[in-house]
Amino acid sequence: MAFYYQEPSRTFSEYLLLPNLTTKDCIPANVNMRTPIVKFAKGERSAIELNIPFASAVMQAVSDNHLAVALAQTGGISFLFGSQSVADQAAMVRKVKAYKAGFVTSRSNLTPDHTLADVLASKEANGHSTVAITHDGSPTGKLLGIVTSRDYRISRDLPDKPIHSFMTPFSSLIYGKVGITLPEANDLIWEHKLNCLPIIDDEQNLVYLVFRKDYDRNKENPLELLDDKKSYIVGAGINTKDYKERVPALAEAGVDIVVLDSSDGYSEWQREAIQYVKEHTDLKIGAGNVVDREGFLYLVESGADFVKVGIGGGSICITREQKGIGRGQATALIEVAQARDEYYEKTGIYIPICSDGGIVHDYHITLALAMGANFVMMGRYFARFDESPTKKLKIGNSYVKEYWAEGSNRARNWQRYDLGGKQSLVFEEGVDSYVPYAGSLRENVEKTISKIKSTMCNCGAKTIEELQRTARISLVSATSLVEGGAHDVMLKESSLGAD
């Protein structure tokens, strides 16, 4: 007969951390959040470590090369979405590996025949006041001019005024050539009092833009995640169908690590894919997702370098609703972490765990780390930011960004949910939605990290490993959940976020 678990399946919201003694040296400035993400032997160090325990989800609406760079600058890692062609995903990897700090690809581009209305629409959609004018409106076309807010007046200029009549033409631009160093570019910016310096090649094609506002920011990345060649570290999602074609292309492009992206990773298909990667490349590979001891051990014995935990806990995931498969994220993580620790004691090999899904509030991240996760993977969290690849829209009086699941009709990532049947998405396991627009990745990540460090200090821990050893965690009642938030008062609006 079927096996029944007697304990209910629990979520992060059902737990709270209890404070431990906070010593005088246990302050946020002394907290180190460095964490391993690939397996290592006792007495050794992981070949890849994150400086903050954050990974962005393998999703079309989340992880492209722009977000990958922004997250690497703060110390985390992106796994570029795999529901695209092999060539396109490999190209994204190359863009991240070739990115030079301070040199950015133009994301707002128009042609001389566009109008002021197009400039204003672009500014509304992207938030960029500087628009590159190229012959074909692409970020790499022949540079013909630049438009900034100083080139027009909304009160005087008509919306249909063509760009070529008010742009700053190429002949009047100060520019740099490919090969210029960042200090040299910044010298030009300061010498000529520029806000933006375009970088072009020998054919006058636009390559990068360097902004004055990024000058100080480039010095503010002490935690940036770099490989031994000083390029940003980036991961990529793969599936169990075309990995023999995809993995070699990603490896050739310079990807640092791959992860099998599946709603249910406890399968022979994952074992075969892991073994192929191990036999044919030097790449590290994560696998999952699983929710119990058996699934974890199966993937570890197959050769996985880390294991992803979580089924059905994502904000846009409806796997549990559609199929009745899954487990509360906290319960799944606790069991897998126990299995990981027992495996380490038995073999001397430490397998990092990624908690994927179930994060609603920032404190859930701290709980996940305390329960044994080495890092967390998040989709909704990152989808809200400027750097995510989706559109920013205004609905009513609020700005939102689009966010859709890989199992939705929009993404149609059937490979992620394939069980050996028809090569198509027969039914949805995710939804298409909006999330509130939240601004820049850097500002939000810094705020979240501040919360985590503060909580760790309350728990008397200065590292994630110490938090996992000493944390005290309590179940809470439904009444306690109400008591834990603001209650019995009339709230005023606050400018400080409470995510």
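The values are calculated or read from the model by the stated rules, or taken from the named source; none is laboratory data. Everything numeric in this text was worked out from a predicted model, so none of it was measured. Cβ coordinates were reconstructed from backbone atoms using ideal geometry, including for glycine residues, and neighbour counts include every protein chain displayed. Accessible surface areas use protein heavy atoms only, side chains included; no ligands, DNA or RNA. Shrake-Rupley method; radii C 1.70, N 1.55, O 1.52, S 1.80 Å.
Pull out a ≥ b ≥ c, the square roots of the eigenvalues of the alpha-carbon gyration tensor of the range 76-121, then state rounded if a/c is under 1.5, prolate if not and a/b is larger than b/c, and oblate in the remaining case. Prolate is the answer for the range 76-121, as a/c is 1.5 or above and a/b outweighs b/c.
Can you give the helix-only mean residue ellipticity at 222 nm for the chain, where every DSSP H stretch with n ≥ 4 adds -39500 (n - 2.57) and the sum goes over all residues, rounded to the nearest 500 deg cm²/dmol?
On the way: 15 runs with 151 residues, N = 499.
Computed ellipticity for the chain at 222 nm equals -9000 deg cm²/dmol.
The range 326-395 and the range 223-279 have Cα centres spaced 19 Å apart.
For the pair Thr22 and Ala98 in one chain, pulling the backbone fully straight at 0.36 nm per residue adds 23.0 nm over the alpha carbon distance.
Between helix 182-191 and the chain there is an angle of about 40 degrees, using the helix long axis and the longest principal axis of the Cα atoms.
Multiplying the residue separation of Ser398 and Ser165 by 0.36 nm and subtracting their alpha-carbon distance yields 80.5 nm. The charge dipole of the chain, taken about its Cα centre with unit charges on the Cβ atoms of Lys, Arg (+1), Asp and Glu (-1) only, comes to about 700 debye.
Where both partners of a DSSP beta bridge lie in the range 256-358, what percent of those bridges are antiparallel, to the nearest 5? Intermediate values should be presented prior to the final figure.
Numbers: 0 of 10 bridges.
Rounded to the nearest five, the antiparallel share is 0 percent.
For the chain, what is the percent of antiparallel DSSP beta bridges, rounded to the nearest 5? Roughly 50 percent of the DSSP beta bridges within the chain come out antiparallel.
Sort the range 319-379 into rounded, prolate or oblate with this rule: let a ≥ b ≥ c be the square roots of the eigenvalues of the Cα gyration tensor; rounded if a/c is under 1.5, and if a/c is not under 1.5, prolate when a/b is larger than b/c, oblate otherwise. Note, shape of the range 319-379 comes out oblate.
The angle between the Cα long axis of helix 329-347 and the main principal axis of the chain comes to about 70°, on a 0 to 90 degree scale. For the chain, the longest principal axis of the alpha carbon atoms and the long axis of helix 268-280 meet at an angle near 60°. If I compute solvent accessible area with a 1.4 Å probe over the protein chains, what percent of it on the range 103-220 is carbon and sulfur? After summing per-atom areas, the C and S share lands at 50 percent. The calculated FRET efficiency for the pair Met1 and Glu268, based on their C-beta separation and a Förster distance of 25 Å, comes to about 0.50.
Put a dot 7 Å past the Cα of Gln338, heading toward its Cβ, do the same for Asn458, and the two dots end up 2.6 nm apart.
Restricting to Cα pairs below 8 Å that are 6+ residues apart, what does the relative contact order work out to for the chain? Please round to a whole percent. Intermediate results must be reported in sequence, preceding the final value.
On the way: 1029 pairs, mean separation 105.0, N = 499.
Reported relative contact order: 21 percent.
Under a 5 Å amide H cut-off, with hydrogens placed 1.01 Å from N, Ile174 pairs with nothing among residues at least 5 apart or on other chains. Probing with 1.4 Å while keeping every protein chain in the model, the per residue accessible area of the range 346-385 equals 21 Å². Segment Gln84..Lys177, full-extension length gain: 30.2 nm, with 0.36 nm per residue of separation and the alpha-carbon distance subtracted.
Can you compute the charge dipole magnitude of the range 103-220 about its Cα centre, using +1 on each Lys and Arg Cβ and -1 on each Asp and Glu Cβ, nothing else charged? Give it in debye, rounded to the nearest 20. Let's see the in-between values first.
Numbers: 13 positive and 16 negative charges, 79 e Å.
Once rounded to the nearest 20, the dipole reads 380 debye.
Projecting label points 7 angstrom from Cα along Cα→Cβ for Asn221 and Asp201 puts them 2.2 nm apart.
Is the shape of the range 103-220 rounded, prolate or oblate, going by the alpha carbon gyration tensor and its root eigenvalues a ≥ b ≥ c, with a/c under 1.5 for rounded and a/b larger than b/c for prolate? Mind showing how you got there, number by number?
On the way: a/c = 1.90, a/b = 1.52, b/c = 1.25.
Prolate shape, in that a/c is at least 1.5 and a/b is the bigger ratio.
Between amide H atoms placed 1.01 Å from N, distances below 5 Å from Gly288 occur with Leu260, Lys308, all of them 5 or more places distant or on a separate chain.
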